[in-house]
Amino acid sequence: QEKANLAARTRDDLRCPIVVIMGHVDTGKTKLLDKIRKTNVQEGEAGGITQQIGATYFEKSTLVTQTARLNETEKFDLTLPGMLVIDTPGHESFTNLRSRGSSLCDVAILVVDLMHGLEQQTIESLHMLRNRGTPFVVALNKVDRCYSWKTCKDAPIREALKEQGDGTLQEFRSRASDAKLQLQEQGVNSNIYWEMGDDDWENSDFVPLVPTSAITGEGVQDILLLLCQIAQRKLWKQLMWCANLQATVLEVKAIDGLGMTVDVLVVNGYLREGDRAVFCTLDGPIVTEIRGLLTPPPSREMRIKSEYIHHKEVKGALGVKVIGNGLEKVMAGTSVLVVGPDDEVEDIKAEVMSDLTKLQDKLSTD
Ligand code: GDP
């Protein structure tokens, strides 16, 4: 059975990649995520996007529609089942989340304000991503702020640039090359993505730059397609779906009527109601039965009737709210494990607690 399972795992059976948007405050992270969501709504696709706990899920069909115009020329065969984007809070008080985010994601968008260049938190995020070997693309955002920019709503960025006058292009070129230099100062080689050579694509340390506007949407298709390409071409091994549970606590929250709940990002494997889950707290490990697995309702109308949808079982990758007893002191950023029929509970406890030391080390080095 085990062998059959392994054999069934092929390049075509991938889980969706987990994407995190990082960068300095006010660079446009929230707007970019909104834009990706809204572009779809305007196309009249009610489905295709699901709000999960702490994350937004984009179905494959959505990714295909959203990148259709650009893909007329790129002709990329998208095989990913979808994409899960973590909803990082806009507030930078969540320093922890930034460092957590970078360790649990597969690929990142680092947002830079083209008008401001590299700022402090962007540099910090950059080094976190580098330390963890997470591939990323840089969005050179607010390209629409270049002098006398002509809006080309939601267009692929090269089409939009063709419409601009010489002065605008000159400003764009000069600001992009400033950003490139600043990245170089941080030890990062980069280039506008369509000017990268084959060698640059081969070099896993080389970073593609994508000019974007989170307001008018130019370049958003480009960034989506690029993320899909990176995930499919470079990350397929780590994206092969497997049944072993890999899950991380995103947040611990008290909810009216539910008590203390834990928002969990399930990267791989299953979580089931009734599972004996092991969590990490500062006071030691806790073992508790999963009493509920919840996700938000698919539409607003349903939101009136019920706050959440209950699941018997969830499969990674997705974000889910877990209810159970004794979750008050669970630490965000640590792993969740389940005690299987052949497991020694003490081994699982030890494994979960090993995270705490890792997390503390990370926080002190970040
Ligand atoms: P965050 O703190 O990184 O999440 O940044 P926000 O998404 O909240 O954006 C910060 C500010 O920049 C807001 O006033 C946005 O309207 C503005 N902004 C974000 N992206 C763009 C863009 O592409 N073009 C322009 N002109 N403004 C933008």
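The values are calculated or read from the model by the stated rules, or taken from the named source; none is laboratory data. Keep in mind the model is a prediction, meaning the values are calculated, not measured. No Cβ is skipped: glycine too gets one built from the backbone with ideal geometry, and neighbour counts run over all protein chains shown.
Go through L14, L104 for me and flag whichever is out of contact with any Pro (no Cβ under 9 Å at 6 or more places or on another chain), surrounded by 16 or more Cβ atoms within 10 Å (Cβ to Cβ) and modelled with pLDDT of 55 or more.
The conditions single out L104.
N191 passes all but one of (1) without any contact (Cβ under 8 Å) to a residue 40 or more places away in the chain; (2) in contact with a Leu (Cβ under 7 Å, 6 or more places away or on another chain); (3) assigned to a loop (DSSP other than H, G, I, E, B); which number fails?
(3)
From the list M115, M83, which one is part of a loop (DSSP other than H, G, I, E, B) and at pLDDT 80 or above?
M115
Condition first: within 11 Å of the ligand (Cβ to nearest atom) and assigned to a loop (DSSP other than H, G, I, E, B). Now tell me which residues in the range 118-167 satisfy that.
Listed by number, the residues that qualify are E119, K142, C146, W149, T151.
I'd like the residue in the range 160-180 that is buried (at least 16 other Cβ atoms within 10 Å of the Cβ) and touching a residue at least 24 places away in the same chain (Cβ under 8 Å) and, out of all such residues, is nearest to L70 (Cα to Cα).
Step by step, filter the range 160-180, then rank; the result is A160.
Any residue in the range 306-313 that is closer than 30 Å to K75 by Cβ and in contact with a Lys or Arg (Cβ under 6 Å, 6 or more places away or on another chain)?
Scanning the range 306-313 turns up no residue that is closer than 30 Å to K75 by Cβ and in contact with a Lys or Arg (Cβ under 6 Å, 6 or more places away or on another chain).
Name the pairs whose Cβ atoms lie under 6 Å apart, with the first residue in the range 58-70 and at pLDDT below 90 and surrounded by 15 or more Cβ atoms within 10 Å (Cβ to Cβ), the second in a helix (DSSP H, G or I) and not β-branched (V, I, T), and 6 or more positions between them or separate chains?
Listed pairs, sorted by first residue: T62/N40; Q66/L224.
Name the one entry in L258, L293 that is of a type in the set (A, V, I, L, M), in contact (Cβ under 8 Å) with a residue 60 or more places away in the chain and on the phi < 0 side of the Ramachandran plot.
Unique residue meeting the criteria: L258.
Scan the range 204-237 for residues that are within 16 Å of the ligand (Cβ to nearest atom), of a type in the set (A, V, I, L, M, F, W, C) and assigned to a helix (DSSP H, G or I) and jot them down.
Passing the criteria: V220, I223, L224.
The rows are residues; the columns are (1) surrounded by 19 or more Cβ atoms within 10 Å (Cβ to Cβ); (2) over 20 Å from P135 (Cα atoms); (3) modelled with pLDDT of 95 or more.
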{"position": "S213", "(1), (2), (3)": "yes, yes, yes"}
{"position": "L235", "(1), (2), (3)": "no, no, no"}
{"position": "D263", "(1), (2), (3)": "yes, yes, no"}
{"position": "R272", "(1), (2), (3)": "no, yes, yes"}
{"position": "T281", "(1), (2), (3)": "no, yes, no"}
{"position": "I286", "(1), (2), (3)": "yes, yes, yes"}
{"position": "E289", "(1), (2), (3)": "no, yes, yes"}
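For residues that are at pLDDT 85 or above and part of a loop (DSSP other than H, G, I, E, B), tally how many sit in the range 17-48.
Residues in the range 17-48 being at pLDDT 85 or above and part of a loop (DSSP other than H, G, I, E, B): 6 in total.
If you check K234 against the conditions, is it in contact with a Pro (Cβ under 8 Å, 6 or more places away or on another chain) and among the charged types (D, E, K, R)?
Considered against the rule, which asks whether it is in contact with a Pro (Cβ under 8 Å, 6 or more places away or on another chain) and among the charged types (D, E, K, R), K234 comes out as yes.
Can you tell me which residue in the range 102-112 is farthest from E218 (Cα to Cα), limited to those that are in a helix (DSSP H, G or I) and of a type outside the set (A, V, I, L, M)?
Checked the range 102-112; the qualifying residue farthest from E218 (Cα to Cα) is S103.
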